[in-house]
Amino acid sequence: MGKRAAAALLALSLCSFAGLNSPSLWASAAPTGVFESHADVGSVLHPGTLQYDPSQGTYTVGGSGENVWSTTDALHFVWKKVTGDASLAAEISFLGKGGNEHRKAVLMVRQSLDADSAYADVALHGNGLTALQYRDEKGAATHEIQTQEIQTREIQANIAGPQRLRIEKRGNFVYLFLGDGGKELHYSGASIQVPLQGTYYLGIGVCSHDKDVVEKAMFTNVDLAADLAPVAKTTLYSTLERVSIASTVRHAVYVAPERFEAPNWTHDGMSFLFNRNGSIYRLPVSGGEPALIDTGFAKRCNNDHGISPDQTSLAISDQSQGDNQSIVYIVPIEGGVPRRITQKSPSYWHGWSPDGKTLAFVGQRNDEFDIYTIPVTGGEETRLTTAKGLDDGPEYSPDGKYIYFNSERTGHMQIWRMRADGSEQEQVTVDDWNNWFPHISPDGAWMVFLSYEPDVKGHPENKDVMLRIMSLSDWKMSDEKVSDGKVNDGKISVLARLFGGQGTINVPSWSPDSKAVAFVSYALVPDGSVAKK
């Protein structure tokens, strides 16, 4: 054999040996259990790893990466391609002490392996925080719904051992289920719409939240189910949430398999009030169990209720008396005998003047719904609006100079405002959405309102809606408020997208520090998904 031929053969042998030692080749050849393969997603400094133990059925995933957040992700992802509806459950525990408190071990659905792909995941953080994170379209920012139950139980009950979690995709909705290891899983109150088209990725992953290190987590009792059977029956769940206006992070505070509605946030910041089954309940902002507020004979309270400026009284709208049409009453904040305010019905409370002397409400008189005011002592009502079409949702500005409300007088439901005496009525929003229930922050800087799709009539329940927020200071400073059919300051943004509508945010629900808003979201949860292990 010539020297040139021998050298070529030696080179080929070395290349072959190097190929056999290629991490990517060994990774694809190594056993992956119920998954097909694994890979790093996004930019990482240290390649990730998977160790699958068939005898124990465990998956130990090592991952680097700066974060799974914002517009790009960096993690090690172990995946299987699926179509249709699917679910993935596992018990998760981090290996080793220390590390970044926001290192993440995730159960994830993902449209592609691109770093900026649309996705949703159930993320267990190193500090015990559990959240449903999502990016609803490619390149968009990540948002999350944190499950307060996990945080509270981890801190107060000191739960040891791995936490069992499940992510489930049904149609365009993704749900988070949770529970202690070995126990039945229950709906967490966190769900979101993330449209995933055709074939997508379902799997597990780890991000160290520190690009310079590798963190490991173990996934045990992994249950992957693809091609789930169609949903035969669902149960409505209600979730009381709060959302930060700065970060848009949502916190699920209380969830129940029934309808409740319309939270108020007490002025001392300590509690939420909401209506359920005709009664009013108080719930600590930290969660827990709601306590019934005694409203005497008023046993059919609807979702129009609110707290007096001095927090001594509660306005309610009840329809248990007479002709069973809504009447406005006042009761002591701790409960007691209702005192009737409106003599005519139906009347629905919506606002309390900052000086505590006047109530604003919606009344149906002669087949027209208009805005009225009335002294808290009762007496004659004063009509403030006369335009044809529904006027609803009146709420005072914190300085008492204005009443904000929603009106369909133009043929499309939009936000308006007027002086407290009804003069100088002017349109605030001009867009294609149907906008309802304006709520002004205590500092007067912001307005949050509910937006329906353009083709929705009225304010029905169980619809895809948005909570949107508008800067009032910018709007006030604008000389020309409307341009080309749009509010020209450009300061309206989406605070949250959710499944809801009627009952979501009918009444004032700002935190006293103007940093967050409370609302109720809803979910139609498949009965077969609840109580699984």
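The values are calculated or read from the model by the stated rules, or taken from the named source; none is laboratory data. Since this is a predicted model, take the numbers as computed values, not measurements. Counting neighbours? That spans all protein chains shown, and the Cβs are built from the backbone with ideal geometry, glycine included. SASA here: full protein model, heavy atoms, side chains in, ligands and nucleic acids out. Shrake-Rupley method; radii C 1.70, N 1.55, O 1.52, S 1.80 Å.
Structure summary
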item: Lys/Arg +1, Asp/Glu -1 at C-beta; the chain dipole; positive extreme among His439, Ser37, Val231; result: Ser37
item: Accessible surface, 1.4 Å probe, highest first, among residues Tyr281, Tyr52; result: Tyr52, Tyr281
item: Furthest towards positive pole of dipole, Pro346, Ser313, Val285, structure part segment 281-347, Cβ charges; result: Pro346
item: Per DSSP, loop chymotrypsin sites (Phe, Trp or Tyr not before Pro) in segment 289-372 with at most 16 further Cβ within 10 Å; result: Phe297
item: Highest to lowest packing among 195-201, 211-217, 505-511, scored as the average C-beta count within 10 Å; result: 505-511, 211-217, 195-201
item: Relative contact order (%) - criterion: Cα under 8 Å, at least six apart; region: segment 57-137; result: 21
item: Using alpha-carbon coordinates, inclination of helix 3-20 to the longest axis of the chain, degrees; result: 40
item: Dipole axis of the chain (+1 Lys, Arg; -1 Asp, Glu on Cβ), positive-most option in Leu75, Thr147, Val61; result: Val61
item: Helical mean residue ellipticity (222 nm; -39500 (n - 2.57) per DSSP H run of 4+; nearest 500) of the chain; result: -2000 deg cm²/dmol
item: Vicinal HN-Hα couplings computed from phi for segment 297-313 (Karplus, 6.51 cos²θ - 1.76 cosθ + 1.60; Hz; Gly/Pro x); result: 6, 7, 10, 10, 6, 9, 8, 10, 8, x, 9, 5, x, 8, 6, 9, 9
item: Residue-normalised accessible area of the chain, given per residue in Å² at a 1.4 Å probe; result: 42
item: Those GluC sites (Glu not before Pro) in segment 40-131 that DSSP places in a loop and that have at most 11 other beta carbons within 10 Å; result: Glu101
item: Long pairs among Lys80/Lys463; Lys344/Lys515; Lys138/Lys463; Lys169/Lys211; Lys299/Lys515; Lys138/Lys233, criterion Cα-Cα beyond 28 Å; result: Lys80/Lys463; Lys344/Lys515; Lys169/Lys211; Lys299/Lys515; Lys138/Lys233
item: For the chain: relative contact order, % (alpha-carbon pairs under 8 angstrom, 6 or more apart); result: 12
item: C-alpha center-to-center spacing [segment 53-87, segment 418-459] in angstrom; result: 43
item: Accessible surface of the chain, 1.4 Å probe, proportion on carbon and sulfur as whole %; result: 51
item: Unit charges on C-beta of K, R, D, E only; dipole of the chain, Debye; result: 1280
item: Cα gyration tensor shape of segment 407-476, rounded if a/c is under 1.5, else prolate or oblate by comparing a/b with b/c; result: oblate
item: Segment 363-450: GluC sites (Glu not before Pro) in DSSP coil with no more than 10 other Cβ atoms inside 10 Å; result: Glu380, Glu424
